[in-house]
Every structure is written in C-alpha cells, then in structure tokens.
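One structure below.
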Amino acid sequence: QVRLVESGGGLVQAGGSLRLSCAASGTIFSINTMGWYRQAPGKQRELVATLTTSGVTDYADSVKGRFTISRDNAKNTVYLQMNSLKPEDTAVYYCYAHAKIGPLWTAQGYWGQGTQVTVSS
C-alpha cells in the first residue's frame with residue numbers, strides 16, 4: 001500500500017504564508033501525479049493544485065497566483081507553498097497521489113489523512 005503523510009499545517013494570520021509537505025512511502029512502483037485537495041466545513045472536497053511527472057500543473061482559480069505546487073521526485077514528496085492566505089483558505093488539506101504499486105497494475109488514487117490550515121482575520 002501507499003502511505004501519504006502531510007505536515008506543515010497550522011494557524012496563520014490573513015496575508016501570511018504556510019508550506020505544506022506530503023511524503024509518500026510504502027509499496028510504490030511509480031507516481032505520475034501528486035497534488036492537494038481541501039475541504040472546508042459544510043463544503044465538498046475540492047482540487048487545490050496538482051502536478052504531473054511531466055510538469056503540468058492545474059490550480060483552482062481561487063488560488064492561482066498565490067499558491068505554488070512543487071515536487072521532489074527523489075523523495076516522493078510534494079509541496080504546497082501558500083502565500084497571501086485568506087480566511088476562505090481555511091480547510092483540511094489532503095495530499096493526493098495517483099500511483100502504481102506494480103508495473104502492470106492500474107494506477108489508482110491514494111489519500112493522506114489531512115492537515116488543518118486555519119487562517120484568521
């Protein structure tokens with residue numbers, strides 16, 4: 001199995017910054033996409049940002065220009081640099097990886113446990 005562990009969440013004032021990290025471990029053959037999703041109270045889980053092996057990014061419109069996703073493939077780690085944080089960014093942030101556990105296995109999604117990000121005004 002693939003385990004994803006997030007870190008870096010916390011409490012920050014509006015306008016501040018945080019950097020989230022997510023390290024993947026376990027039985028991993030390859031990881032093609034990693035990213036971040038978030039879920040605020042009473043709302044659906046939504047995409048924040050994803051990054052493919054080839055370097056293609058996808059950002060939610062609400063975070064474009066403020067958040068940056070990056071990867072360290074050697075460490076199977078994905079990061080989310082969050083700048084100019086707003087109270088609306090308050091949510092549980094979940095790490096996501098689309099990965100294979102074997103060469104002939106179909107890639108599937110894996111989720112971390114989530115880390116709380118709270119932005120105060």
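Of all the residues in the range 27-45, those that are open to solvent by less than 50 Å² (accessible area, probe 1.4 Å) and outside any strand (DSSP E or B) number 2. Among the residues of the range 52-78, count how many are assigned to a loop (DSSP other than H, G, I, E, B) and without any contact (Cβ under 8 Å) to a residue 24 or more places away in the chain. Selection size over the range 52-78: 9. Residues in the range 44-70 that are among the basic types (Lys, Arg) and out of contact with any Leu (no Cβ under 8 Å at 6 or more places or on another chain): 45, 64. Name the single residue that is least open to solvent (accessible area, probe 1.4 Å) among those in the range 89-111 being farther than 22 Å from residue 19 by Cβ and part of a loop (DSSP other than H, G, I, E, B). The extreme case among them is 102. Would you mind finding the one in 48, 63 that is open to solvent by less than 80 Å² (accessible area, probe 1.4 Å), in contact with a helix residue (DSSP H, G or I) (Cβ under 8 Å, 6 or more places away or on another chain) and β-branched (Val, Ile, Thr)? Result of the check over 48, 63: 63. Just one residue in the set 40, 97 is in contact with a Phe, Trp or Tyr (Cβ under 9 Å, 6 or more places away or on another chain) and touching a residue at least 24 places away in the same chain (Cβ under 8 Å); that residue is 97.
Kindly indicate whether residue 29 is without any contact (Cβ under 8 Å) to a residue 40 or more places away in the chain and aromatic (Phe, Trp, Tyr). Answer is no for this residue.
Within the range 68-88, the set of residues being surrounded by 19 or more Cβ atoms within 10 Å (Cβ to Cβ) and either in contact with a Pro (Cβ under 8 Å, 6 or more places away or on another chain) or over 19 Å from residue 51 (Cβ atoms) (or both) comprises just one member, 85. The single condition among (1) assigned to a strand (DSSP E or B); (2) in contact (Cβ under 8 Å) with a residue 40 or more places away in the chain that residue 49 does not satisfy is (2).
The values are calculated or read from the model by the stated rules, or taken from the named source; none is laboratory data. What you are looking at is a predicted structure, and each value in this text was computed from that prediction instead of being measured. Quick reminder, even Gly has a Cβ in these numbers, built from the backbone with ideal geometry, and neighbours come from all protein chains shown. Heavy atoms of the whole protein, side chains included, go into the accessibility calculation; ligands, DNA and RNA do not. Shrake-Rupley method; radii C 1.70, N 1.55, O 1.52, S 1.80 Å.
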